[in-house]
Amino acid sequence: MSVVDRRAANRATGPWDYDAVTSALNDSPFVRACRGQDVPHTPVWFMRQAGRSLPEYRKIREGIGMLESCRRPDLVTEITLQPVRRHNVDAAILFSDIVVPIAAAGVDLDIVAGTGPVVAEPIRTAADLERLRPITGEEVAFVGAAVRQLAGELGKTPLIGFAGAPFTLASYLIEGGPSRTYTRTKAMMYAEPALWHALLTRLSGITLAFLRTQIEAGVSAIQLFDSWAGALSETDYREFVLPHSAAVLGGLADAGIPRIHFGVGTAVLLGAMGEAGADVVGVDWRTPLDRATTLIGPAHAVQGNLDPAVLFAGREVVEREARRVLEQGRAAPGHVFNLGHGVLPETDPDALTRLVEFVHVTSQR
């Protein structure tokens, strides 16, 4: 059974008309924009919209660790729905974390508040690599359960699934946690290319299995986060990273849903990222969308790219900058409005709600 057939079987078990809901999701502004089709207004959602800026999120997470939160389908469902209710965004994004699949693959790690993922025993040798086992949908069944719940709750609102890209996951595994310089990561890349490619090949398989689990359960799109790829030159990206990201995105070509690829600080990589196989390339706030479109190529929609810090500057500035982003986004065949990175924790939720309304009204066709 293909991934499309499994997805249909999962969706068909819910209390809804599968064909009608699927048709509505495919006709949603978000999915249409991802495919470069005409839209009634520019769709908008925010990276990290399901999270720290919302008081209801902080309340429901009290006393519950991040990894534990990601493993509880009822909690994942509620947190994912919170920004949809509050902001009227055009898509929900699954509440999870990029390290969830590597934890399921046997890595001893924790997500430490204020720090990020911390790996107890980093992977730095061929022997270490053997601790990283492949996964199937069974190891992340809680993710599939959450997606199926959300599919029923969201109805005609698309749900975005996601995963970390192989390079970003590798950087955490090698460094043992977040890094500013990626010294150990690059040292392995340059000095032990065979080990490097073996690690990223294994991570590609884990990522692909994680995303397929989400697709089969009913997500309408996926996003591959290569958060730290901006630490690389284009030459190194093409040799050491692009083949593995392409293996993930290409491995989902039969799923029939939009694929988004996003990284931070990737201005010099946008052309190469456009070759990785995504339908949409996310652009951080540093590169104007019209300029990004010339780099990525006219076959791709774009996503982005308001600077998250602008939301602290007052309504007049937010609207001026949002209008600029909308204007520059018209250079691409499709534009999904977003921030150029995630919502900052101190962001006023009302500023996000007002921004969604402004984008919808200003961009009406």
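Could you tell me whether any residue of the range 164-182 is within 17 Å of the chain's Cα centre (by Cα), outside any helix (DSSP H, G or I) and buried (at least 20 other Cβ atoms within 10 Å of the Cβ)? Within the range 164-182 (the criterion being within 17 Å of the chain's Cα centre (by Cα), outside any helix (DSSP H, G or I) and buried (at least 20 other Cβ atoms within 10 Å of the Cβ)), the answer is yes, since at least one residue qualifies. Quick check: anything in the range 188-197 closer than 24 Å to Glu130 by Cα, free of Cβ contacts under 8 Å to residues at least 24 places away in the same chain, surrounded by fewer than 23 Cβ atoms within 10 Å (Cβ to Cβ) and hydrophobic (A, V, I, L, M, F, W, C)? Within the range 188-197, one or more residues are closer than 24 Å to Glu130 by Cα, free of Cβ contacts under 8 Å to residues at least 24 places away in the same chain, surrounded by fewer than 23 Cβ atoms within 10 Å (Cβ to Cβ) and hydrophobic (A, V, I, L, M, F, W, C).
Report yes if some residue within the range 258-265 is closer than 17 Å to Asp279 by Cα, part of a loop (DSSP other than H, G, I, E, B) and touching a strand residue (DSSP E or B) at 6+ places or on another chain (Cβ under 9 Å); otherwise report no. It would help to see each step written out before you state the result.
Looking only at the range 258-265, we keep the residues that are closer than 17 Å to Asp279 by Cα, and these are 258-263.
From what is left, the residues that are part of a loop (DSSP other than H, G, I, E, B) are 258.
Narrowing further to those that are touching a strand residue (DSSP E or B) at 6+ places or on another chain (Cβ under 9 Å): 258.
Among the residues of the range 258-265, at least one is closer than 17 Å to Asp279 by Cα, part of a loop (DSSP other than H, G, I, E, B) and touching a strand residue (DSSP E or B) at 6+ places or on another chain (Cβ under 9 Å), which makes the answer yes.
Filter the range 260-272 down to the residues that are of a type outside the set (A, V, I, L, M, F, W, C) and surrounded by fewer than 24 Cβ atoms within 10 Å (Cβ to Cβ), then identify the one that is nearest to the chain's Cα centre (by Cα). Selected residue: Gly265. Tallying residues that are touching a Ser or Thr at 6+ places or on another chain (Cβ under 7 Å) and not in a loop (DSSP other than H, G, I, E, B) within the range 231-257 yields 4.
Rundown of residues vs (1) under 24 Å from Thr136 (Cα atoms); (2) at pLDDT 95 or above; (3) touching a Ser or Thr at 6+ places or on another chain (Cβ under 8 Å), yes/no style:
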position	(1), (2), (3)
Arg180	no, no, no
Met188	no, yes, no
Ala191	no, yes, no
Leu195	yes, yes, yes
Ala198	yes, yes, no
Arg202	yes, yes, no
Ala209	yes, yes, yes
Arg212	yes, yes, no
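Provide a single number: the residues in the range 297-313 that are at pLDDT 95 or above and either over 22 Å from Val268 (Cβ atoms) or more than 20 Å from the chain's Cα centre (by Cα) (or both). Show your work before the answer.
Residues of the range 297-313 that are at pLDDT 95 or above, as a first pass: 300-313.
Next, from what is left, pick out any that are either over 22 Å from Val268 (Cβ atoms) or more than 20 Å from the chain's Cα centre (by Cα) (or both): 309-313.
Looking only at that region, the number is 5.
The C-beta contact set for the range 155-174 (first residue over 28 Å from Thr77 (Cβ atoms), second residue part of a loop (DSSP other than H, G, I, E, B) and aromatic (Phe, Trp, Tyr), distance under 8 angstrom, 6+ apart or interchain) comprises Phe167/Trp228; Ser171/Tyr182; Ser171/Trp228. Looking across the range 109-128 at every residue that is touching a helix residue (DSSP H, G or I) at 6+ places or on another chain (Cβ under 7 Å) and of a type in the set (A, V, I, L, M, F, W, C), the one that is modelled with the lowest pLDDT is identified as Ile111. If the condition is being surrounded by fewer than 24 Cβ atoms within 10 Å (Cβ to Cβ), within 15 Å of the chain's Cα centre (by Cα) and farther than 19 Å from Ile257 by Cα, then the range 273-296 contributes only Asp284.
Looking at Arg148, Arg131, can you tell me which residue is modelled with pLDDT under 95, among the basic types (Lys, Arg) and either surrounded by fewer than 21 Cβ atoms within 10 Å (Cβ to Cβ) or outside any loop (DSSP other than H, G, I, E, B) (or both)? Working first, answer last.
Details: Arg148 fails: modelled with pLDDT under 95.
One residue alone meets the criteria, Arg131.
If you check Ala331, Ala299, Ala309 for being surrounded by fewer than 19 Cβ atoms within 10 Å (Cβ to Cβ), in contact (Cβ under 8 Å) with a residue 40 or more places away in the chain and of a type outside the set (Asp, Glu), only one passes: Ala331.
The test for being under 17 Å from the mean Cα position of the chain (by Cα) and of a type outside the set (Gly, Ala, Ser) holds for Thr213.
In the set (1) over 18 Å from the mean Cα position of the chain (by Cα); (2) surrounded by 23 or more Cβ atoms within 10 Å (Cβ to Cβ); (3) within 20 Å of Ile60 (Cα to Cα); (4) among the hydrophobic types (A, V, I, L, M, F, W, C), Ile123 fails one condition alone, (3).
The values are calculated or read from the model by the stated rules, or taken from the named source; none is laboratory data. Quantities reported herein were computed from a predicted structural model and do not represent experimental measurements. Note that each Cβ is placed from the backbone with ideal geometry, even for glycine, and that neighbours are counted across all protein chains shown.
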